[in-house]
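Have a look at the structure below before the remarks.
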Amino acid sequence: MNSLSDIGVIRDILGRHGFRFSKSLGQNFLINPTVCPRMALESGVDDETGVIEIGPGIGVLTSELAKRAKKVVCIELDSRLMPVLNETLSDFDNIKVINADVLKVDLRKIIEEHFGSLKVAVCANLPYYITSPVIMHLLESRLPVESITVMVQREAALRLTAQVGSRQAGAVTAAVNYYSQASLLFNVSRGSFMPAPNVDSAVIRLDIRNKPPVEVHDEKEFFRFIRASFGQRRKTAANALSSGLSLPKEAVTAALREAGMSENTRAESLQMNQLALLFECLTKQCK
Ligand code: SAM
(Lines give C-alpha, C1' and ligand atoms only; values in the text may rest on other atoms or scores of the structure.)
Protein backbone atom coordinates (compact mmCIF):
# COMPACT_ATOMS: atom_id res chain seq x y z
CA MET A 1 0.00 0.00 0.00
CA ASN A 2 1.24 3.49 -0.90
CA SER A 3 1.82 5.97 1.90
CA LEU A 4 -1.54 7.05 3.32
CA SER A 5 -0.08 10.41 4.37
CA ASP A 6 0.85 11.30 0.76
CA ILE A 7 -1.45 14.04 -0.55
CA GLY A 8 -1.49 12.52 -4.05
CA VAL A 9 -2.46 9.10 -2.70
CA ILE A 10 -5.17 10.60 -0.45
CA ARG A 11 -6.63 12.65 -3.33
CA ASP A 12 -6.64 9.61 -5.59
CA ILE A 13 -8.38 7.32 -3.06
CA LEU A 14 -10.90 9.93 -1.93
CA GLY A 15 -11.59 11.02 -5.51
CA ARG A 16 -12.29 7.45 -6.65
CA HIS A 17 -14.74 7.03 -3.75
CA GLY A 18 -16.37 10.43 -4.35
CA PHE A 19 -15.55 11.46 -0.76
CA ARG A 20 -15.85 15.08 0.47
CA PHE A 21 -14.47 16.18 3.86
CA SER A 22 -17.07 16.88 6.55
CA LYS A 23 -16.18 19.82 8.77
CA SER A 24 -18.85 18.90 11.30
CA LEU A 25 -17.22 15.47 11.83
CA GLY A 26 -13.82 17.10 12.48
CA GLN A 27 -12.27 15.54 9.39
CA ASN A 28 -8.70 16.84 9.14
CA PHE A 29 -6.54 14.00 7.83
CA LEU A 30 -2.82 13.73 8.59
CA ILE A 31 -0.44 14.36 5.69
CA ASN A 32 2.80 14.68 7.68
CA PRO A 33 4.50 11.26 7.30
CA THR A 34 6.43 11.51 10.59
CA VAL A 35 3.45 11.95 12.92
CA CYS A 36 1.73 8.53 12.87
CA PRO A 37 4.87 6.37 13.25
CA ARG A 38 5.92 8.59 16.18
CA MET A 39 2.46 8.45 17.76
CA ALA A 40 2.30 4.66 17.43
CA LEU A 41 5.80 4.33 18.90
CA GLU A 42 5.25 6.73 21.81
CA SER A 43 1.88 5.16 22.64
CA GLY A 44 3.96 2.15 23.73
CA VAL A 45 1.76 -0.46 22.00
CA ASP A 46 3.39 -3.82 21.31
CA ASP A 47 2.45 -7.30 20.13
CA GLU A 48 0.71 -7.98 23.44
CA THR A 49 -1.59 -4.96 23.07
CA GLY A 50 -5.08 -4.59 21.69
CA VAL A 51 -5.68 -1.03 20.48
CA ILE A 52 -8.90 0.89 20.15
CA GLU A 53 -8.58 3.65 17.59
CA ILE A 54 -11.25 6.37 17.37
CA GLY A 55 -11.89 7.92 13.95
CA PRO A 56 -9.47 6.13 11.59
CA GLY A 57 -10.27 8.41 8.61
CA ILE A 58 -8.54 6.66 5.71
CA GLY A 59 -6.42 4.51 8.06
CA VAL A 60 -3.12 6.40 8.21
CA LEU A 61 -2.63 5.89 11.97
CA THR A 62 -4.45 2.54 11.92
CA SER A 63 -1.82 0.94 9.69
CA GLU A 64 1.05 2.19 11.88
CA LEU A 65 -0.71 0.78 14.96
CA ALA A 66 -1.44 -2.53 13.23
CA LYS A 67 2.29 -2.97 12.44
CA ARG A 68 3.04 -2.93 16.18
CA ALA A 69 -0.08 -4.17 18.01
CA LYS A 70 -1.62 -7.64 18.18
CA LYS A 71 -4.98 -6.28 17.11
CA VAL A 72 -6.57 -2.91 16.28
CA VAL A 73 -10.29 -2.22 16.51
CA CYS A 74 -11.21 1.13 15.03
CA ILE A 75 -14.48 2.94 15.43
CA GLU A 76 -15.47 5.31 12.63
CA LEU A 77 -18.76 7.23 12.53
CA ASP A 78 -18.73 8.18 8.84
CA SER A 79 -20.15 5.27 6.83
CA ARG A 80 -18.75 6.83 3.60
CA LEU A 81 -15.28 5.81 4.86
CA MET A 82 -16.12 2.09 5.13
CA PRO A 83 -15.32 1.23 1.48
CA VAL A 84 -12.22 3.45 1.67
CA LEU A 85 -10.90 1.62 4.76
CA ASN A 86 -11.74 -1.70 3.13
CA GLU A 87 -9.33 -0.78 0.37
CA THR A 88 -6.56 0.97 2.33
CA LEU A 89 -6.30 -1.63 5.12
CA SER A 90 -6.68 -4.74 2.95
CA ASP A 91 -3.05 -5.82 3.56
CA PHE A 92 -3.68 -6.32 7.29
CA ASP A 93 -5.42 -9.25 8.98
CA ASN A 94 -5.38 -7.79 12.52
CA ILE A 95 -7.72 -4.81 12.02
CA LYS A 96 -11.46 -4.71 12.66
CA VAL A 97 -13.42 -1.62 11.58
CA ILE A 98 -16.68 -0.79 13.36
CA ASN A 99 -19.04 1.80 11.83
CA ALA A 100 -20.38 3.55 14.97
CA ASP A 101 -20.30 6.62 17.18
CA VAL A 102 -17.59 6.18 19.83
CA LEU A 103 -19.81 7.88 22.43
CA LYS A 104 -22.60 5.37 21.86
CA VAL A 105 -20.90 1.98 21.40
CA ASP A 106 -20.36 -0.45 24.27
CA LEU A 107 -16.57 -0.20 24.54
CA ARG A 108 -16.38 -2.69 27.41
CA LYS A 109 -18.11 -5.31 25.26
CA ILE A 110 -15.80 -4.56 22.31
CA ILE A 111 -12.75 -4.98 24.55
CA GLU A 112 -14.04 -8.28 25.96
CA GLU A 113 -14.99 -9.61 22.53
CA HIS A 114 -11.82 -8.68 20.67
CA PHE A 115 -8.95 -8.43 23.13
CA GLY A 116 -9.34 -11.32 25.65
CA SER A 117 -6.31 -11.16 27.94
CA LEU A 118 -4.38 -8.54 25.92
CA LYS A 119 -3.33 -5.21 27.47
CA VAL A 120 -5.55 -2.47 26.08
CA ALA A 121 -4.60 1.00 24.83
CA VAL A 122 -6.54 3.76 23.11
CA CYS A 123 -4.85 5.77 20.37
CA ALA A 124 -6.47 8.43 18.18
CA ASN A 125 -6.28 11.65 16.28
CA LEU A 126 -9.48 12.87 17.88
CA PRO A 127 -12.17 14.85 16.09
CA TYR A 128 -11.84 18.18 17.92
CA TYR A 129 -15.54 18.77 18.44
CA ILE A 130 -15.72 15.92 20.97
CA THR A 131 -12.24 15.96 22.58
CA SER A 132 -13.30 16.44 26.20
CA PRO A 133 -16.48 14.29 26.07
CA VAL A 134 -14.49 11.38 24.56
CA ILE A 135 -11.63 11.65 27.06
CA MET A 136 -13.98 11.96 30.04
CA HIS A 137 -16.15 9.11 28.74
CA LEU A 138 -13.10 6.85 28.43
CA LEU A 139 -11.85 7.78 31.91
CA GLU A 140 -15.19 7.71 33.74
CA SER A 141 -16.24 4.35 32.28
CA ARG A 142 -13.24 2.82 34.10
CA LEU A 143 -12.53 0.56 31.14
CA PRO A 144 -9.66 -1.91 31.49
CA VAL A 145 -7.39 0.44 29.51
CA GLU A 146 -3.74 1.10 30.41
CA SER A 147 -3.11 4.25 28.40
CA ILE A 148 -4.78 6.79 26.13
CA THR A 149 -2.60 8.52 23.52
CA VAL A 150 -4.48 11.19 21.62
CA MET A 151 -3.90 14.16 19.36
CA VAL A 152 -5.92 17.20 20.45
CA GLN A 153 -5.81 20.96 19.87
CA ARG A 154 -2.65 22.38 21.43
CA GLU A 155 -4.62 24.62 23.78
CA ALA A 156 -6.61 21.60 25.02
CA ALA A 157 -3.36 19.63 25.38
CA LEU A 158 -1.90 22.35 27.63
CA ARG A 159 -5.04 22.40 29.76
CA LEU A 160 -5.28 18.59 30.01
CA THR A 161 -1.63 18.12 30.97
CA ALA A 162 -1.27 21.20 33.24
CA GLN A 163 -0.19 20.75 36.86
CA VAL A 164 -3.17 20.86 39.22
CA GLY A 165 -2.48 24.01 41.26
CA SER A 166 -1.11 26.02 38.31
CA ARG A 167 -2.72 28.92 36.42
CA GLN A 168 -3.37 26.72 33.35
CA ALA A 169 -5.40 24.20 35.39
CA GLY A 170 -9.16 23.90 34.97
CA ALA A 171 -11.88 21.49 36.04
CA VAL A 172 -10.89 19.08 33.25
CA THR A 173 -7.24 19.11 34.46
CA ALA A 174 -8.32 18.00 37.94
CA ALA A 175 -10.69 15.36 36.53
CA VAL A 176 -8.02 13.94 34.21
CA ASN A 177 -5.46 13.99 37.02
CA TYR A 178 -7.86 12.03 39.26
CA TYR A 179 -7.85 9.12 36.80
CA SER A 180 -4.46 9.35 35.11
CA GLN A 181 -0.97 10.80 34.86
CA ALA A 182 -0.94 13.09 31.86
CA SER A 183 2.04 14.09 29.74
CA LEU A 184 2.49 16.13 26.57
CA LEU A 185 4.47 14.07 24.03
CA PHE A 186 4.99 16.40 21.04
CA ASN A 187 3.51 19.28 19.05
CA VAL A 188 2.01 18.97 15.56
CA SER A 189 1.65 22.04 13.33
CA ARG A 190 -1.61 22.88 11.52
CA GLY A 191 0.16 22.34 8.17
CA SER A 192 0.38 18.61 8.97
CA PHE A 193 -3.29 18.16 8.04
CA MET A 194 -5.53 18.22 5.01
CA PRO A 195 -7.56 20.39 5.11
CA ALA A 196 -5.40 22.51 7.48
CA PRO A 197 -7.28 23.56 10.63
CA ASN A 198 -6.94 27.07 12.15
CA VAL A 199 -5.02 25.84 15.19
CA ASP A 200 -1.97 23.74 16.03
CA SER A 201 -2.22 20.37 17.75
CA ALA A 202 -0.30 18.24 20.21
CA VAL A 203 -0.16 14.58 21.17
CA ILE A 204 -0.74 13.74 24.81
CA ARG A 205 -0.59 10.48 26.73
CA LEU A 206 -2.68 9.59 29.76
CA ASP A 207 -1.37 6.67 31.82
CA ILE A 208 -4.30 5.34 33.80
CA ARG A 209 -3.76 5.17 37.56
CA ASN A 210 -4.57 1.98 39.51
CA LYS A 211 -5.82 4.16 42.35
CA PRO A 212 -6.90 7.85 42.47
CA PRO A 213 -4.38 10.24 44.08
CA VAL A 214 -6.97 11.32 46.71
CA GLU A 215 -9.80 9.57 48.53
CA VAL A 216 -13.21 11.25 48.61
CA HIS A 217 -16.49 9.99 50.09
CA ASP A 218 -18.52 10.59 46.88
CA GLU A 219 -16.82 10.80 43.48
CA LYS A 220 -19.82 12.22 41.62
CA GLU A 221 -20.28 15.00 44.17
CA PHE A 222 -16.52 15.68 44.13
CA PHE A 223 -16.64 16.30 40.37
CA ARG A 224 -19.65 18.59 40.82
CA PHE A 225 -17.61 20.48 43.45
CA ILE A 226 -14.62 20.68 41.07
CA ARG A 227 -16.74 22.02 38.19
CA ALA A 228 -18.23 24.67 40.49
CA SER A 229 -14.81 25.63 41.97
CA PHE A 230 -13.34 26.30 38.52
CA GLY A 231 -16.63 27.45 37.01
CA GLN A 232 -16.09 31.19 37.30
CA ARG A 233 -12.38 31.70 36.92
CA ARG A 234 -12.24 35.34 37.93
CA LYS A 235 -14.01 34.63 41.22
CA THR A 236 -12.53 33.39 44.49
CA ALA A 237 -13.29 29.74 45.32
CA ALA A 238 -15.71 30.98 48.00
CA ASN A 239 -17.80 32.99 45.53
CA ALA A 240 -17.57 30.37 42.76
CA LEU A 241 -18.64 27.57 45.11
CA SER A 242 -21.47 29.43 46.79
CA SER A 243 -22.98 30.51 43.46
CA GLY A 244 -22.12 27.30 41.55
CA LEU A 245 -23.53 24.97 44.24
CA SER A 246 -26.19 27.40 45.57
CA LEU A 247 -24.73 27.33 49.09
CA PRO A 248 -24.69 30.09 51.72
CA LYS A 249 -21.38 31.99 51.50
CA GLU A 250 -20.86 31.52 55.29
CA ALA A 251 -20.83 27.72 54.90
CA VAL A 252 -18.15 27.97 52.21
CA THR A 253 -15.97 30.42 54.17
CA ALA A 254 -16.31 28.22 57.27
CA ALA A 255 -15.16 25.22 55.18
CA LEU A 256 -12.20 27.20 53.84
CA ARG A 257 -11.25 28.19 57.40
CA GLU A 258 -11.52 24.58 58.60
CA ALA A 259 -9.29 23.49 55.70
CA GLY A 260 -6.72 26.14 56.73
CA MET A 261 -7.23 28.21 53.54
CA SER A 262 -7.69 31.94 53.09
CA GLU A 263 -11.08 33.38 52.09
CA ASN A 264 -9.43 34.76 48.94
CA THR A 265 -8.19 31.36 47.74
CA ARG A 266 -8.74 30.65 44.03
CA ALA A 267 -9.46 27.12 42.82
CA GLU A 268 -6.59 27.12 40.32
CA SER A 269 -4.07 27.57 43.16
CA LEU A 270 -5.24 24.39 44.95
CA GLN A 271 -3.44 21.05 44.70
CA MET A 272 -5.45 17.84 44.32
CA ASN A 273 -5.20 16.99 48.06
CA GLN A 274 -6.33 20.53 48.98
CA LEU A 275 -9.34 20.26 46.64
CA ALA A 276 -10.28 16.94 48.29
CA LEU A 277 -9.83 18.43 51.78
CA LEU A 278 -11.97 21.47 50.97
CA PHE A 279 -14.64 19.20 49.49
CA GLU A 280 -14.81 17.10 52.66
CA CYS A 281 -14.89 20.21 54.92
CA LEU A 282 -17.67 21.73 52.82
CA THR A 283 -19.70 18.51 52.94
CA LYS A 284 -19.39 18.56 56.75
CA GLN A 285 -20.48 22.22 56.93
CA CYS A 286 -23.56 21.52 54.79
CA LYS A 287 -24.80 18.47 56.70
N1 SAM B 1 -7.20 9.20 11.96
C2 SAM B 1 -7.34 10.00 10.78
C3 SAM B 1 -6.08 10.84 10.58
O4 SAM B 1 -5.34 10.99 11.56
O5 SAM B 1 -5.86 11.32 9.48
C6 SAM B 1 -8.57 10.90 10.83
C7 SAM B 1 -8.65 11.83 12.02
S8 SAM B 1 -9.94 13.04 11.88
C9 SAM B 1 -9.24 14.32 12.90
C10 SAM B 1 -11.23 12.45 12.95
C11 SAM B 1 -11.98 11.20 12.49
O12 SAM B 1 -12.99 10.87 13.47
C13 SAM B 1 -12.73 11.34 11.17
O14 SAM B 1 -12.48 10.21 10.38
C15 SAM B 1 -14.22 11.39 11.58
O16 SAM B 1 -15.10 10.91 10.59
C17 SAM B 1 -14.21 10.52 12.82
N18 SAM B 1 -15.29 10.80 13.79
C19 SAM B 1 -15.93 11.97 14.03
N20 SAM B 1 -16.83 11.84 15.01
C21 SAM B 1 -16.77 10.54 15.43
C22 SAM B 1 -17.47 9.79 16.42
N23 SAM B 1 -18.40 10.35 17.20
N24 SAM B 1 -17.18 8.47 16.57
C25 SAM B 1 -16.23 7.89 15.78
N26 SAM B 1 -15.53 8.56 14.83
C27 SAM B 1 -15.79 9.86 14.65
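The values are calculated or read from the model by the stated rules, or taken from the named source; none is laboratory data. Every value quoted in this text rests on a predicted model; they were computed, and no experiment measured them. Methodologically, a virtual Cβ is constructed for each residue, glycine included, from the backbone with ideal geometry; neighbour enumeration extends over all protein chains shown.
Observations, loosely collected:
For (1) farther than 22 Å from residue 152 by Cβ; (2) of a type in the set (Gly, Ala, Ser), each residue gets a yes or a no:
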{"position": "3", "(1), (2)": "yes, yes"}
{"position": "29", "(1), (2)": "no, no"}
{"position": "37", "(1), (2)": "no, no"}
{"position": "44", "(1), (2)": "no, yes"}
{"position": "62", "(1), (2)": "no, no"}
{"position": "73", "(1), (2)": "no, no"}
{"position": "76", "(1), (2)": "no, no"}
{"position": "80", "(1), (2)": "yes, no"}
{"position": "90", "(1), (2)": "yes, yes"}
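- Checklist (1) touching a helix residue (DSSP H, G or I) at 6+ places or on another chain (Cβ under 7 Å); (2) buried (at least 19 other Cβ atoms within 10 Å of the Cβ); (3) not in a helix (DSSP H, G or I) applied to residue 124, failing item: (1)
- Some residue of segment 251-265 being in the same structural domain as residue 230 (by TED's automatic domain parsing) and under 30 Å from the mean Cα position of the chain (by Cα): yes
- Out of 52, 10, 58, one residue alone is crowded, with 16+ Cβ neighbours inside 10 Å, within 12 Å of the ligand (Cβ to nearest atom), closer than 16 Å to residue 125 by Cα and more than 20 Å from the chain's Cα centre (by Cα). It is 58.
- Those helices (runs of 4 or more DSSP H) of segment 214-287 that lie entirely within it include none in which at least 2 residues are farther than 19 Å from residue 177 by Cβ, modelled with pLDDT of 95 or more and among the basic types (Lys, Arg).
- Some residue of segment 180-195 being in a loop (DSSP other than H, G, I, E, B), surrounded by fewer than 19 Cβ atoms within 10 Å (Cβ to Cβ) and within 16 Å of the ligand (Cβ to nearest atom): yes
- Scan of segment 211-270 for residues that are closer than 30 Å to residue 145 by Cβ and either polar (S, T, N, Q) or surrounded by fewer than 16 Cβ atoms within 10 Å (Cβ to Cβ) (or both), ordered by number: 211, 212, 213, 215, 217, 218, 219, 220, 221, 224, 229
- Enumeration of residues in segment 34-45 that are over 14 Å from residue 184 (Cα atoms) and away from the ligand (no atom under 12 Å from the Cβ): 34, 37, 41, 44, 45
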